[in-house]
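Report on one structure; see the data block that follows.
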Amino acid sequence: MQYRTDEQGTRCRQLALYVIFESPFNMLCDSPSNYMREPESTSFIAGIPTVWDESKVLDGKMGEYIVTARRDGDVWYVGGITDWNTREMTIDLSFLPDGDYQVEEFRDGVNAHRKGTDYRREEKGLPADKKLKVKMYPGGGYVAKIQVK
């Protein structure tokens, strides 16, 4: 049996929803002091566009998980969420034009299944095969910003 987080999903799930849901009017909920404690998450949210040039559903199964990519200019955002099951997957970004890409990503932390606010932020280059291996914990998610270096 999977352990549910005490929130409605993990921090990364909440970040990913800004990419998955199309909304021209995004809002922040919760106490402002919570956002002040996590400036890197808040900064990431503030930079997510509300209008997109292109959208692609990369993978999904109704009621279980979804991975969506959205483009604003030359910058791609990828958001993925899962149900209450741990999910490991490979996100195929082979649709990206040739180039050298930088990825800023937020992943569920190793304790996200117990504490939904546990996450890891990382910046790295996109692998040559343009595939990202992702593990999402119960109620979890993944979000990335991908741009040419």
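For ARG71, indicate whether it is charged (D, E, K, R) and closer than 19 Å to CYS12 by Cα.
Judged against the criteria, ARG71 is not a match.
Name every residue in the stretch 118-134 that is under 21 Å from ILE45 (Cα atoms) and charged (D, E, K, R), in order of residue number.
Residues satisfying the conditions are ASP118, ARG120, ARG121, GLU122, GLU123, LYS124.
Could you check how many residues of the stretch 87-116 are surrounded by fewer than 17 Cβ atoms within 10 Å (Cβ to Cβ) and in a loop (DSSP other than H, G, I, E, B)?
11
Please determine, by comparing only the residues of the stretch 132-146 that are out of contact with any helix residue (DSSP H, G or I) (no Cβ under 8 Å at 6 or more places or on another chain) and assigned to a strand (DSSP E or B), which one is nearest to THR117 (Cα to Cα).
If we take residues in the stretch 132-146 being out of contact with any helix residue (DSSP H, G or I) (no Cβ under 8 Å at 6 or more places or on another chain) and assigned to a strand (DSSP E or B), then LYS135 is nearest to THR117 (Cα to Cα).
What number of residues within the stretch 117-131 satisfy the criterion of being outside any strand (DSSP E or B) and not β-branched (Val, Ile, Thr)?
Number of matching residues: 6.
Within the stretch 51-86, track down each residue that is of a type in the set (Ser, Thr, Tyr) and either more than 20 Å from ILE146 (Cα to Cα) or open to solvent by less than 50 Å² (accessible area, probe 1.4 Å) (or both).
Across the stretch 51-86, the qualifying residues are TYR65, THR68, TYR77, THR82, THR86.
Scan the stretch 121-128 and give yes if some residue there is open to solvent by 30 Å² or more (accessible area, probe 1.4 Å), within 18 Å of GLN14 (Cβ to Cβ) and over 13 Å from the mean Cα position of the chain (by Cα), otherwise no.
For the stretch 121-128, residues open to solvent by 30 Å² or more (accessible area, probe 1.4 Å), within 18 Å of GLN14 (Cβ to Cβ) and over 13 Å from the mean Cα position of the chain (by Cα): absent.
If you check THR117 against the conditions, is it in contact with a Lys or Arg (Cβ under 7 Å, 6 or more places away or on another chain), modelled with pLDDT under 95 and either hydroxyl-bearing (Ser, Thr, Tyr) or closer than 18 Å to LYS56 by Cα (or both)?
So THR117 fits the description; yes.
The values are calculated or read from the model by the stated rules, or taken from the named source; none is laboratory data. Remember, predicted model here, so these are calculated numbers, not experimental data. For neighbour counting, all protein chains shown are included, and Cβ atoms are generated from backbone atoms with ideal geometry for every residue, glycine included. Side chains are part of the model used for accessible areas, which takes the heavy atoms of the whole protein and leaves out ligands, DNA and RNA. Shrake-Rupley method; radii C 1.70, N 1.55, O 1.52, S 1.80 Å.
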